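Notes for the one structure printed next.
Rule-based calculations on the coordinates, nothing more; no lab input. Predicted, not measured: the structure shown is a model, and the values here were computed from it. Here Cβ is always computed from backbone atoms with ideal geometry, including for glycine, and neighbour counts include all displayed protein chains.
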Amino acid sequence: MPIPETRAAMSALVQPQQVHRDLYISQDLFKLEVKHLFSNTWIYVGHDSQVPNKGDYYTTQLADQPVIMVRHTDNEVHVLYNRCPHKGTKIAIDRTGNTGKFFRCPYHAWSFKTDGCLLAIPLKKGYQDTGFDQSEAAHGMTPVGAVHNYRGFVFARMAPEGIGFDDYFNGSLSSLDNMIDRSPAGKLQVVGAPLRYMHKCNWKMLVENQTDTCHPMVAHESSAGTAVKIWDSLDKPEGTPKPPAMEIIAPFMSPYEFFENMGLRTWPNGHGHTGVHKSIHSEYSEIPGYFDQMVEAYGEERARAILGEARHNTVYFPTIMIKGPIQQLRNFIPLAADRTLVESWIFRLVDAPDELVARTAMYNRMINAPTSMVGHDDLEMYERAQEGLQSQGADWVNVARLYEDGETLDEEAVLNGTSERQMRNQFHAWLKFMTATMPDSGPASEDAQ
């Protein structure tokens with residue numbers, strides 16, 4: 001039976017220390033997420049370096065909603081629903097391209113300016129005295145509710161009204177700032193296409209995993225653990241430096257104590273990061289000349305502060321994660337209750353040595369590629385969980401680790417790196433934005449069902 005579209009029904013699914021399994025397996029609930037959660041939150045669209053020139057566009061999805069990110073003639077980046085207002089035909093099917101000064105529908109040749117405004121209709125006189133001027137179609141391609149370009153990162157809120165960008169992200173933007181400031185020029189560029197592949201699981205499993213520090217030494221023992229054993233067994237001179245691949249993979253086998261001490265920070269609205277004090281990225285070898293470039297750009301004190309941050313995974317709820325020290329972004333695109341398309345993007349630090357982007361590309365291939373060593377460990381766990389949650393043996397998923405009675409999630413906090421507070425933080429935000437525009441309860445007959 002469909003889940004009632006009320007605050008009362010949603011609140012029954014989220015408790016302080018546990019959440020109902022329906023959050024992962026119910027397709028009816030997923031449809032409500034598309035309608036409410038993904039509409040009321042700020043979703044990552046893309047980076048403006050993907051559309052550097054006027055007329056450049058990039059097509060993607062906000063959950064299951066197809067959109068176009070395009071640079072208009074005024075040099076501003078716009079986000080439009082990828083749909084002709086006439087018959088609904090997708091305007092653009094290529095992932096990227098340049099449309100010139102206007103979009104042209106391939107079905108009936110309606111054309112639109114790159115800000116979505118209707119430009120021309122063939123045989124327009126056929127619409128006289130039909131009320132066309134008052135129709136939706138007369139307004140052209142529909143823009144999303146709101147767009148914000150934050151230092152090159154483009155976010156959209158599909159709902160026309162709702163929480164503002166700054167209020168939504170608040171202090172969490174410091175992680176984006178740190179990633180961008182690692183460029184001596186204070187600027188990033190997308191490098192190439194993403195590594196993209198389908199996960200047969202609910203999107204929330206992926207988001208939770210980004211700050212789950214109790215699984216690496218267990219789930220990755222067969223991959224990272226094997227690599228470490230082989231390296232340790234090699235006959236090599238004492239003090240032999242680890243090659244870049246080993247620097248990347250070995251920290252996944254760090255003990256619980258390491259992850260406890262690395263720390264966890266959470267912010268309101270579901271955002272948070274691991275690696276407050278240190279992280280698996282802390283011990284990478286220095287790139288010759290890079291620090292000198294940073295000192296020249298920022299001064300020594302500021303350069304040390306920027307590079308001293310070793311934040312591991314920063315989750316921007318609901319659907320992206322960034323790694324500042326390695327200049328990577330993972331985009332989790334929810335398609336169904338049990339289908340999530342995962343994109344792993346890498347960035348170049350403008351004016352920084354090429355060795356940095358080479359290391360980032362290596363990390364992405366080793367950890368996140370469809371052919372990666374480490375990522376498939378997680379994928380196996382996600383798919384086992386997706387299947388296991390169909391079991392009627394228990395209805396609740398536990399997120400109680402290091403929970404304290406009276407915990408409040410509406411303020412910033414720093415605590416033990418193995419706490420599940422960030423997961424609880426995400427579900428708290430899930431409930432907040434799912435119910436932002438829902439009635440408290442439905443008809444008596446509905447609530448009784």
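Among K229, K113, K35, the residue with the largest mean-square fluctuation in a Gaussian network model of the chain, with springs joining Cα atoms closer than 10 Å, is K229. Scaled to the globular estimate 2.2 N^0.38 Å, the Cα spread of the range 305-449, given as radius of gyration, is 1.33.
At full extension, N53 and D177 could sit 42.2 nm farther apart than now, given 0.36 nm per residue minus the alpha carbon distance. Partners of K87 within straight-line reach, counting lysines whose Cα lies under 28 Å from its Cα and excluding those fewer than 8 residues away in the same chain: K31, K35, K54, K101, K113, K124, K125. Sparse packing (at most 12 other Cβ atoms within 10 Å of the Cβ) combined with a DSSP loop state is found for none of the trypsin sites (Lys or Arg not before Pro) in the range 361-408.
By the Cβ rule of 4.7 Å, the chain holds the following cysteines without a possible disulfide partner: C117, C201, C214. For the chain, a simple Cβ point-charge model (Lys and Arg +1, Asp and Glu -1, everything else neutral) yields a dipole of about 1660 debye relative to the Cα centre. A full extension of the chain between V191 and V295 corresponds to an added length of 35.0 nm, given 0.36 nm per residue minus the alpha carbon distance. With R₀ set to 60 Å, the beta-carbon distance separating D232 from K124 gives a calculated FRET efficiency near 0.20.
The slack in the chain from M362 to I3, taken as 0.36 nm per residue of separation less the alpha-carbon distance, amounts to 124.8 nm.
Here r is the Cβ-Cβ distance between T371 and Q392 and R0 is 35 Å; the resulting FRET efficiency, rounded to 0.05, is 0.45. Modelled spin labels at D28 and A137, positioned 7 Å past Cα toward Cβ, are 3.6 nm from each other.
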